[in-house]
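Worksheet: the structure to be examined is printed underneath.
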Amino acid sequence: MEVIYLRQSKFSDEDLRKISPILSKSMFFTMASSCKTEAQKKSMLMLEFLYLSRHKQTVRRYFGGSAAEGTAIKTSDVDKMIVGPNIYVCSEQADGEQVKGHVFLMDASDSSPGHTKLVLLKTDPNIPTVFDQGNTLYDMLEETQDGRRLLSSEKVVTFWMDFMRKRQTSTGPPETFRHGPCATTVTTDPQGYIKNEIGGVIEQDFAHGLLFCSPPSMGKDWLRNRVNFSWPSQKIVQKIMSLKCHVVAVGDKMSQHSSLEWRISYLLWERELVWSFNDIQLQCYVLLKALLKKYIDPVAPDELSSYHMKTIVFWESEDTEENCWGQEFLIPFLRNCLWRLSECVLNRSLKHFIERDKNLLLGKMCEIEIKESVLKVIKDIIPDIITYSLKCIDGIDLTTTWQKSDHNIETFLRKCLACHNSRITFDFNDSKLPVKVYHYERAYAIGVNAETVLADFSTLAQYHVSLEECDRDIEVDDKFKRSVKMFIHMRSAMILARQLLSSKNNAAASETIQKLMNFMEENSALDVISGKLYVVTCLLAFDKREEASRELQNIASSIRNASVLIYTGMCSSCEIMRPSGETLIQEKRIPPCSSSQMEFLSVAHDAIFAQEDCPVLPDALKYECMVDRAFLLHPAVYFFYLRCLCRKTQEKMEDIARLHAVVNDCNGTLHSYRSFNILGHCYFENGNFQSAFDCYATSFSQTVQSGRPNVAIYMLLVILLNIFQTQGSENLR
């Protein structure tokens, strides 16, 4: 099959450039954008920093793949590299002589490109390693006939698999198996926080990495040769020069010494390259991954991977001129990547972007039938690339519009203007700003805070110290760091509030409580609603109802002053809230907003609580603590619930009605059942057993099929018991 045959197309370059902007704009809002990737970068770097902090500045954890890039599709897993202390790898013996710790020397003399053996250069039994948990570093070594001691990649992966099997998660020990250099754990996502699917399978690949003293020779060569290309920019190259390289525990499958070999990893370099991608590069990469999963994997499973697609984008980016990154070039760029992919498959050769002697397709598609199947799929896609691309778009049905246009470009563009949201047509530029805010705020409100909520007081204190001492070491802006710090302080305050509630020294506690409430107030500017709701929660816990009422009035004033609230949480499918009288109206799409209007744009996060917060929480939330280690609450739902607790009878009924409306707006998500539980509790407390029963029944119906724990079943039994007792009393009368 000739590659030239694959270059035939139904559409001209001009046609592809006309339709590309619609595709690019749609993907910006639903799948991939540089602002989403930038926000994910901040979240990952902060999580890595906090991980290092709680491991006493010794063990590092790096995120890789789509989890770090912000390019995840539904089938994506989570890649992590764990790098322990005091073990180093050097290319030259002189490099390791000044290093304190256990040092191994590369020996790639009889290994394929990109792989190496690790020969023990020097060691010190008094310096600990991560293997000192029932094993030692010496247990990981194998001695050769010539007396050299080599670090066994096989033994290291086995160690990590045993280590992972002993870990406990909320659903028990994880299933563990080997996947290349990784110990892969398989758990379920019982609450849908990660996969957005109840019971969704979470695969986490843990690779064990060892740190290079300085980059290997191929990495140095790549850096020296960057001056001749427009991408990556010299600024990115300079950044990469400051980043480390590693080896990970996997050998060449075709090597006789595979169990003793390690693979050179440029994880930190490669993710920096992806973080530098513009919208078109990211969108092309995600489209390639989607085409791979949708069309290539079914005919040739496990032959090509997302990493291959990323490498294709790397190579094509290097050859693309600076003036070819506008939205109109998305489909032409994608087509060029598919041409390049077809040539690589035909020749079974795809060079690693950095380690350029390494062929990523070595050992792939060895059977001619499989190779021809892959080429046929690519051959089918390229001529009809518009149709195939539109089928990969999530969240916006462009395929139906394309079909109704009879595959006519001009008709399709007119129908998009008439039928689709204006943000993918003439309002795109004004729609970008609020979406950027959404991704930025969500990066720490969900990405960082959802992990921080489970930390104990000593860990939170360590976070605080590390952030104060090493502020400049985190490559995130001051606002992001400040927001994370405020949440850490708020979580510390919640723990202190629990301790004060259990204190028997009421006289001493009174002054301390006031200081605590002042501290919480100082750290409540997390957003417009949820930060203040933590303050109200503690005020009610300390029986300060009047102060709580005033705080809720202040929140209501802040809401009324904002024309639009961007909602960043997971408890509603709506993305914004608008104040309307005494309530909040939820809407699906973030509206366009010019730069001059940004001052009227505010943000609302989910409230996040841990099971340990139970003593501080109001009654409806105490029940939720029975089944969840941590949980999210929609801020509007929690706001109106707290108002109900502070109101008199008539006002309370009005707020219950407003709460009911907000709960209905939240319906349809994985977390909406909890909103119905809170509403049901309000009805129950006010003696409206029928409405309470209806709310709990609705809640239970949303979780019964998945088997998800839900206190609604318990509350239904409580209501039935109250009804029977009431009827029994009436019969006695």
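The values are calculated or read from the model by the stated rules, or taken from the named source; none is laboratory data. Keep in mind the model is a prediction, meaning the values are calculated, not measured. Here Cβ is always computed from backbone atoms with ideal geometry, including for glycine, and neighbour counts include all displayed protein chains.
Hey, among Ser342, Ser349, which residue is more than 22 Å from Ser66 (Cβ to Cβ) and part of a loop (DSSP other than H, G, I, E, B)?
Ser349
Can you list residue pairs whose Cβ atoms sit under 9 Å apart, with the first residue in the range 206-219 being β-branched (Val, Ile, Thr) and the second being part of a strand (DSSP E or B) and surrounded by 21 or more Cβ atoms within 10 Å (Cβ to Cβ)? Count only pairs 6 or more apart in sequence or on different chains.
none
In the set Leu533, Leu584, Leu565, Leu526, which member is outside any loop (DSSP other than H, G, I, E, B), assigned by TED's automatic domain parsing to the domain that holds Asp655, more than 27 Å from Ile424 (Cβ to Cβ) and of a type outside the set (Val, Ile, Thr)?
When all the criteria are applied, what remains is Leu533.
Could you look through the range 15-33, keep only residues that are among the hydroxyl-bearing types (Ser, Thr, Tyr) and surrounded by 20 or more Cβ atoms within 10 Å (Cβ to Cβ), and pick out the one that is farthest from the chain's Cα centre (by Cα)?
Ser20
Among the residues of the range 66-91, what is the count of those that are assigned to a strand (DSSP E or B) and under 33 Å from the mean Cα position of the chain (by Cα)?
12
Residues that are within 30 Å of Leu150 (Cα to Cα) and among the aliphatic types (A, V, I, L, M): find the helices (runs of 4 or more DSSP H) completely inside the range 205-308 holding 1 or more of those.
217-224, 234-241, 267-275
Okay, residues lined up against (1) modelled with pLDDT under 95; (2) surrounded by fewer than 19 Cβ atoms within 10 Å (Cβ to Cβ):
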position	(1), (2)
Ala183	yes, no
Glu197	yes, yes
Phe206	yes, no
Ser230	yes, yes
Ala249	yes, no
Gln256	yes, yes
Tyr266	no, no
Arg271	no, no
Cys284	no, no
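Of all residues being touching a residue at least 12 places away in the same chain (Cβ under 8 Å) and out of contact with any helix residue (DSSP H, G or I) (no Cβ under 8 Å at 6 or more places or on another chain) in the range 34-51, which is nearest to Thr129 (Cα to Cα)? Just the residue, please.
Among those that are touching a residue at least 12 places away in the same chain (Cβ under 8 Å) and out of contact with any helix residue (DSSP H, G or I) (no Cβ under 8 Å at 6 or more places or on another chain), it is Glu48.
(1) part of a helix (DSSP H, G or I); (2) touching a residue at least 24 places away in the same chain (Cβ under 8 Å): which one isn't true of Met577, the others all being true?
(1)
Quick one: is Arg348 in contact with a Phe, Trp or Tyr (Cβ under 8 Å, 6 or more places away or on another chain), within 27 Å of Leu223 (Cα to Cα) and charged (D, E, K, R)?
No, not satisfied.
Can you go through Pro174, Pro113, Pro128 and tell me which one is more than 26 Å from Pro216 (Cβ to Cβ), at pLDDT 85 or above and not assigned by TED's automatic domain parsing to the domain that holds His352?
Checking each option against the conditions leaves just Pro128.
Of the residues that sit in the range 447-488 and are of a type in the set (Ser, Thr, Tyr) and within 22 Å of Lys41 (Cβ to Cβ), which one is surrounded by the most Cβ atoms within 10 Å (Cβ to Cβ)?
Ranking the qualifying residues of the range 447-488, first place goes to Ser483.
What are the pairs, 6+ residues apart or on separate chains, where a residue within the range 411-423 that is in contact (Cβ under 8 Å) with a residue 40 or more places away in the chain and under 11 Å from Ile19 (Cβ atoms) has its Cβ under 6 Å from a residue that is outside any loop (DSSP other than H, G, I, E, B) and among the β-branched types (Val, Ile, Thr)?
Cys416/Ile22
Quick one: which of Glu468, Glu475, Glu521, Glu441 is at pLDDT below 90 and either part of a helix (DSSP H, G or I) or of a type outside the set (D, E, K, R) (or both)?
Glu468
Return yes or no: is Thr311 in a helix (DSSP H, G or I) and on the phi < 0 side of the Ramachandran plot?
Spelling it out, Thr311 is indeed in a helix (DSSP H, G or I) and on the phi < 0 side of the Ramachandran plot.
Having 2 or more residues that are surrounded by fewer than 24 Cβ atoms within 10 Å (Cβ to Cβ), out of contact with any Phe, Trp or Tyr (no Cβ under 9 Å at 6 or more places or on another chain) and hydrophobic (A, V, I, L, M, F, W, C) is the bar; report the helices (runs of 4 or more DSSP H) wholly within the range 627-704 that clear it.
Result: 635-646, 649-666.
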